[in-house]
Amino acid sequence: QQQVRQSPQSLTVWEGGTTVLTCSYEDSTFNYFPWYQQFPGEGPALLISILSVSDKKEDGRFTTFFNKREKKLSLHIIDSQPGDSATYFCAASERGSALGRLHFGAGTQLIVIP
Amino acid sequence: EAAVTQSPRNKVAVTGGKVTLSCNQTNNHNNMYWYRQDTGHGLRLIHYSYGAGSTEKGDIPDGYKASRPSQENFSLILELATPSQTSVYFCASGDLGNSDYTFGSGTRLLVI
């Protein structure tokens with residue numbers, strides 16, 4: 001059973017546009033939701049994260065939104081740049097548990113066209 | 001700088017052969033993880049460890065073994081490699097109670 005569902009699988013946007021990636025999750029115990037960014041040939045790296053006590057977190061051009069009632073989260077990238085072209089993974093976990101295991105979505109491959 | 005280092009970066013193995021993928025971390029993290037990444041499946045957890053001497057099965061452990069001889073090192077072992085194990089493998093480390101992972105750069109494995 002997939003704990004975290006992510007869409008779309010791939011996305012192409014024009015430079016300067018807004019990118020929106022979405023995820024949903026099942027487990028109500030999840031309280032921590034990071035997004036990872038992966039460039040070709042590299043491992044994923046933490047991009048931005050949000051705790052369930054918040055509904056929005058911004059970091060420059062990147063904003064993540066969280067809706068606890070609907071069990072959904074999203075990543076918005078404004079003024080998308082060719083350098084943002086990468087694969088993005090959402091994830092979820094029960095932060096504070098001994099394992100702290102992350103459950104990853106299947107990823108979204110983003111291409112930003114100049 | 002704290003890091004996760006994987007070796008080798010690329011590996012070609014013969015079907016039925018034994019393959020060992022190595023991972024070393026300098027983050028002093030308790031937890032370590034092995035994932036494989038395949039198109040359409042994202043990151044799937046194979047094995048993980050809470051600390052030296054411990055290994056646990058992840059979501060897709062069949063055909064794989066793991067070894068954690070020290071805090072710093074975590075190996076993934078394919079005793080009898082099969083073509084279905086052709087993939088990109090990532091190691092990650094994380095601190096106890098903290099869900100943020102540091103990933104290595106990956107090992108690309110081709111089983112022929």
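Computed from the coordinates by the stated procedures, all read-outs in this text should not be read as laboratory data. In this text the structure is predicted, and so the values were computed from the model without any measurement. With ideal geometry, Cβ positions are generated from the backbone for all residues, glycine too; neighbour counts draw on all protein chains shown.
Of all the options B:Ser67, B:Ser84, B:Ser75, the one that moves most in a Gaussian network model of chain B with Cα springs shorter than 10 angstrom is B:Ser84. Based on alpha-carbon atoms, the Kirkwood radius and the radius of gyration of region A:4-113 give Rg/Rh equal to 0.96. Annotation for region B:1-87: GluC sites (Glu not before Pro) lying in DSSP loop with at most 11 further Cβ atoms inside 10 Å of their Cβ are B:Glu1. Across region B:1-79, the convex hull enclosing all Cα atoms gives 104 Å³ per residue. The lysines within cross-link reach of A:Lys72, meaning a Cα-to-Cα straight distance under 19 Å and a gap of 8 or more places when in the same chain, are A:Lys56, A:Lys57.
With a Förster radius of 45 Å applied to the beta-carbon distance between A:Glu42 and B:Glu79, the computed FRET efficiency rounds to 0.95. For a test of the definition: using alpha carbon positions, the gyration tensor, and the 1.5 limit on a/c, classify region B:1-46 as rounded, prolate or oblate. Oblate shape, in that a/c is at least 1.5 and b/c is the bigger or equal ratio. For region B:5-112, the set of trypsin sites (Lys or Arg not before Pro) satisfying both a DSSP loop assignment and a count of at most 12 other C-beta atoms within 10 Å is given as B:Arg9, B:Lys18. Legend: distances between Cα atoms for A:Lys68/B:Lys57; B:Lys18/B:Lys57; A:Lys71/B:Lys57; pairs beyond 21 Å are A:Lys68/B:Lys57; A:Lys71/B:Lys57. Taking +1 at the Cβ of each Lys and Arg and -1 at the Cβ of each Asp and Glu, which of A:Pro40, A:Ser10, B:Ala13 sits farthest along the dipole of the protein assembly as shown towards its positive end, judged by Cα position relative to the Cα centre? Selected residue: B:Ala13.
The Stokes-Einstein estimate for the protein assembly as shown, based on a Kirkwood radius over Cα pairs and taken at 4 °C with 1.567 mPa s viscosity, is a diffusion coefficient of 72 µm²/s. Each other residue within a Cβ distance under 12 Å of A:Thr22 adds +1 if Lys or Arg and -1 if Asp or Glu, for a net charge of +2.
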